[in-house]
Amino acid sequence: MTRTFSTFVLAIFRAGALGCVVLLFSELGLAQKVVTARATIPFEFWAEGDQFQAGDYVVDNEVPGVAAIHRKGTNSGIGVSVVLYAVPQEKENPRVIFVLRDGKYFLFELWSVQGRYVVTAEFEHRGEVSEQQRQVPLTIAE
């Protein structure tokens, strides 16, 4: 049985359309839910080389692999590269964890409702617990 040029082209378009549908639905499974949280941080801290004053902050994960942090009521903020390193078995209270080094607090980890994230620069120390840490609760914004 021989195919004409038009049936061959039609078959290619059908295969391409099917491939697009498969890609569309596979991307839906990879989509991450955006979570916005608020925290009152009662001390100065550092993140990605920038110093932040004590105050009310908003944290979100709108961009995969990045936690956006900005002071409430301002337009300025910073994106901090984070890596998911654990998904808790049980629901945990969201929090942000800082570690004290050289007399300064540095952003270390974010524990959200979706998992535990470590600041990329701290990846080798993920999950470590020490007396040099401070935890601040996060309130999820609905």
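Observations, loosely collected:
- Split the accessible area of the range 39-142 by element, probe 1.4 Å, and carbon with sulfur accounts for 48%.
- Accessible area (Å², 1.4 Å probe, nearest 10) - F108: 0 Å²
- Ranking D50, D60 from most to least accessible surface, computed with a 1.4 Å probe over the protein chains only, gives D50, D60.
- Probing with 1.4 Å while keeping every protein chain in the model, the per residue accessible area of the range 29-142 equals 61 Å².
The values are calculated or read from the model by the stated rules, or taken from the named source; none is laboratory data. A quick note: this is a predicted structure, and the numbers were derived from the prediction, not measured. In case anyone asks, the SASA skips ligands and DNA or RNA and just uses the protein heavy atoms, side chains included. Shrake-Rupley method; radii C 1.70, N 1.55, O 1.52, S 1.80 Å.
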